[in-house]
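Participant: After the structure tokens below, expect a handful of questions from me.
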Amino acid sequence: MAEEVAFELRGLIHYIGRLREASARGVRAALADAPKCRFGMLERLQFAIEQYGKEGTIYVSDLARAAKKPLPAVSRALRLLEQDGMAERQTDPHDRRKTLVRITPAGQQAIQACEASLNAYFARVMARLEPEQLARMGELRDVLLAALEAETAATQKAAHTKEDPDYGEDF
């Protein structure tokens, strides 16, 4: 039994790796004719602005916190987006110590073009599946993710409660 489970686990891990690699290759191919815009970075910036920013901007410090990245790394990424004309930074007029970042109109156009290319690619992928396969996939879409998240939360909780004092908390 344990040998069978180990075999299935290796197969699942191999499958997830193949899925990741195949989708990454497909995304690169789908974006080959789209504007060069560092789409991943630009898309994450747009998401952060939508979730944590206001009026189409976000503080660079808030972006770093949302991305869970050090400020210098975020600044380097923003510099690349600025060089491409996709984003711009400006000093906050209400607090000159803070810097705001926004996506430029060229960046917005690039996002839309890239999203259209990706939507078309994945629509072609889904068209290769039978309607019954699509229905089953829809039903099971989040099952593995939910199981992974639940087990990760339980494992993290167990790791923090093993006869050790509370981490970082006062007595």
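Participant: Within region 10-45, find all residues whose amide N lies under 16 Å from a label point positioned 7 Å from the Cα of A120 along Cα-to-beta-carbon.
Facilitator: What the label zone holds, given the 16 Å backbone N cut-off, is 26-36.
Participant: Express the accessible area of the chain per residue in Å², computed with a 1.4 Å probe while the remaining protein chains stay in the model.
Facilitator: On a per-residue basis, the chain sits at 78 Å².
Participant: Could you tell me the number of lysine pairs in the chain with C-alpha atoms less than 22 Å from each other, where the two lysines are 8 or more residues apart or belong to different chains?
Facilitator: 6
Participant: Per the helix-only calculation at 222 nm, which mean residue ellipticity applies to the chain, given -39500 (n - 2.57) for every DSSP H run of n ≥ 4 and division by its residues, nearest 500 deg cm²/dmol?
Facilitator: -22500 deg cm²/dmol
Participant: F39 accessible area, nearest 10 Å², 1.4 Å probe?
Facilitator: For F39, the solvent-accessible surface is approximately 30 Å².
Participant: I'd like the accessible area for K157, computed on protein heavy atoms only with a 1.4 Å probe and all protein chains in place. Round to 10 Å², please.
Facilitator: 140
Participant: Oh, and also: Counting only protein heavy atoms and a 1.4 Å probe, tell me what percentage of the chain's accessible area is made up of carbon and sulfur.
Facilitator: 56
Participant: Can you give the accessible area of D84, probe radius 1.4 Å, in Å² rounded to 10?
Facilitator: So the heavy atoms of D84 present about 60 Å² to solvent.
The values are calculated or read from the model by the stated rules, or taken from the named source; none is laboratory data. This structure is a prediction, so every number in the text was calculated from the model and none was measured. Every residue, glycine as well, gets a Cβ built from its backbone with ideal geometry; the counts of neighbours run over all protein chains shown. Areas reflect the complete protein model, heavy atoms only, side chains present, ligands, DNA and RNA absent. Shrake-Rupley method; radii C 1.70, N 1.55, O 1.52, S 1.80 Å.
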